[in-house]
Amino acid sequence: MKAAVKAFRKSVMKKGDKKKAESIHYSMEPQLSYSLIDQKTGQVKVLVGGRGQKQDDLALNRATSVKRQPGSTFKILSTYAPAIDTGSMTLATVFDDAPYQYENGQKVTNYVSTSYKGLTTVRDAIIDSNNIVAVKALTDLTPQVGFDFLQKLGFTTLVNNRVSTNGTYESDVNQSLALGGITDGVTNVELTAAYAAIANQGTYNTPVLYTTVKDSNGNVLLSNKKKSRKVIKKSTAWLLTNAMEDVVKKGTGRAAQLDSNMAVAAKTGTTSNNYDYWFCGYTPYYTASVWTGYDYNTSFDNDEDYHKVIWKKIMDRIISEKKQKVKSFPSNKNIKKAEICIKSGKKALPNVCSKDPEKSMVRTEYFASGTVPKDSCDAHIAVTFCLKSHLVAQKFCPDKFRYTKIFRVRPKHSSHKTDDEPYFLNIDINNKCNIHTEEWHQKKLEKKKKKQEEKLKKQQKQQQSGNDTTDTSINNIEKQIKKLLN
Ligand SMILES: [Zn+2]
Ligand SMILES: [Zn+2]
């Protein structure tokens, strides 16, 4: 706690300043910060710097002055936004959710599940806030690209490279940037402004805390114009919004479903040891973030939905009091639809991907035009078996014994057990039916030949005996004629 007070003092006092008065209020309950921005203008409409009534001037404002770890809210900003925007990934891109380690050997763990989902699309990884997929995605994209993109999103508290007082090298350009594991953290208002850029179809506005300051005569002393810059394509913003709508509809953000049918997109974030709980989201009107936690890092195992409920209650009240018209997010003409297989992220194979042994893996996915997958699924395989041997059918197996089964294909170099395991092709497809072999086929042919030969022989014999009968009767007639003549 003392450290938190000291850090705050350091943040408000400049060199040479003297402390004249200080008042410290302790709260045994967790703290909170909240910001709300009009994404179109960048104007900060609400700032909540802590619990309860403001008691002091220059009091600690947790929304603007406190840096906290952003957790999984950073997955969208550090990883998926730049990855989709540069075209190196789509919402259909698949990563294997399987045991994985950072380059330093430390294990990457998923927050909720102890099992591994196996082949997972970026969309599903956003919905379920999958850590392993996010780290793998940033590793592919490179932490440098993610870090540079965060600079464009207006974050001023990231560490490029620094040597700490105890001599250790510190930098946020590393794989854990995917999960928001950074040196100092971010402020609520900067995090909200970054999300507001996605809500504003890819255009970032620097947060505007005031517009003009005038003196008593009406002369303008300070004027604060909106500063905007394009940070991602409209199509990227559309895709991220669409995936984050799913977070609220069916993912980790369900507790924030609004009372009205207003469109809502959001991302949750929880940091290691449950120190920080975040919820960042937006409607077509406003973008807001809520943070809860203790001023000094303390685990916090309460109902993990309550900050989402706070976010929802504030947004519901704004919608009803401001009589906001229920809207969807803006459409985008550069978005194309395609039927894909979610185990490969590629074009679904007819009658194969839909017949996955677990359930159909075919889904309609959205793509920025030009990024629709052209290749067909290579994560599924159809294998025909022989009913007699239960081995892979070969060319001599009769049609009436043939049946087909669909399997998933184990990703290359993967030896880990994931939820895909029971559905993998775990047999050697070169081990073919040992009944209907070449030998069997030859024997069958010979048997057929023999049968035909026998049949022919029989027929010939019958003909022969028929001839014999005729001969005999002729002989008889001849004998009778002879008798008569005598
Ligand atoms: Zn498939
Ligand atoms: Zn066979």
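The values are calculated or read from the model by the stated rules, or taken from the named source; none is laboratory data. Just so it is clear, the structure is predicted and the values come from calculations on it, not from any experiment. Because the Cβ atoms are built from the backbone with ideal geometry, glycine has one as well, and the counts that use them run over all protein chains shown. When the accessible area is computed, the model is the full protein with side chains, heavy atoms only, and any ligands, DNA or RNA have been set aside. Shrake-Rupley method; radii C 1.70, N 1.55, O 1.52, S 1.80 Å.
Structure values in brief
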quantity: Gained length - Lys457 relative to Asp399, 0.36 nm times residue gap less alpha-carbon distance; calculated: 17.7 nm
quantity: Ranked packing of 62-71, 345-354, 447-456, most packed first, by mean Cβ within 10 Å; calculated: 62-71, 345-354, 447-456
quantity: Dipole magnitude of the chain about its Cα centre (Cβ charges: Lys, Arg +1; Asp, Glu -1), debye to nearest 20; calculated: 1520
quantity: Pairwise FRET efficiency - Asp148 versus Asn224, Cβ, R0 = 30 Å, nearest 0.05; calculated: 0.65
quantity: Residues of type aspartates and glutamates that Lys417 reaches as a straight line, Cα spacing below 14 Å, ignoring anything fewer than 8 places off in the same chain; calculated: Asp96, Asp97
quantity: Inverse mean reciprocal Cα-Cα distance (Kirkwood Rh) of segment 335-423, Å; calculated: 14.7
quantity: Most positive-pole-ward Cα, Thr109, Gly180, Asn219, against dipole of segment 29-321 from beta carbon charges; calculated: Asn219
quantity: Heavy-atom accessible area per residue - segment 29-321, 1.4 Å, Å²; calculated: 42
quantity: Too-long pairs where the Cα-Cα distance tops 23 Å, listed order kept, from Lys347/Lys412; Lys388/Lys443; Lys250/Lys312; Lys67/Lys322; calculated: Lys67/Lys322
quantity: Cα-based helix-to-principal-axis angle, 143-152 vs the chain, degrees rounded to 10; calculated: 50
quantity: Proximal aspartates and glutamates to Lys336, defined as alpha-carbon separation beneath 14 angstrom and excluding residues fewer than eight positions away on the same chain; calculated: Glu365
quantity: Cα→Cβ-extended label distance, 7 Å offset, between Gln53 and Lys417, nm; calculated: 6.0
quantity: Computed [θ] at 222 nm, helices only, for the chain once each DSSP H run of length n ≥ 4 contributes -39500 (n - 2.57); calculated: -9000 deg cm²/dmol
quantity: Unsatisfied cross-links (Cα-Cα over 24 Å) in the set Lys19/Lys226; Lys267/Lys346; Lys45/Lys227; calculated: Lys19/Lys226; Lys267/Lys346
quantity: Whole-percent carbon and sulfur share, accessible surface of the chain, 1.4 Å; calculated: 50
quantity: Cα gyration tensor shape of segment 29-321, rounded if a/c is under 1.5, else prolate or oblate by comparing a/b with b/c; calculated: rounded
quantity: Separation of the Ser216 and Leu445 label points, Cα + 7 Å toward Cβ, nm; calculated: 11.4
quantity: Order by protection proxy (mean Cβ within 10 Å, highest first), peptides 412-424, 181-193; calculated: 181-193, 412-424
quantity: Gyration tensor (alpha-carbon) shape descriptor, segment 290-336, a/c threshold 1.5; calculated: oblate
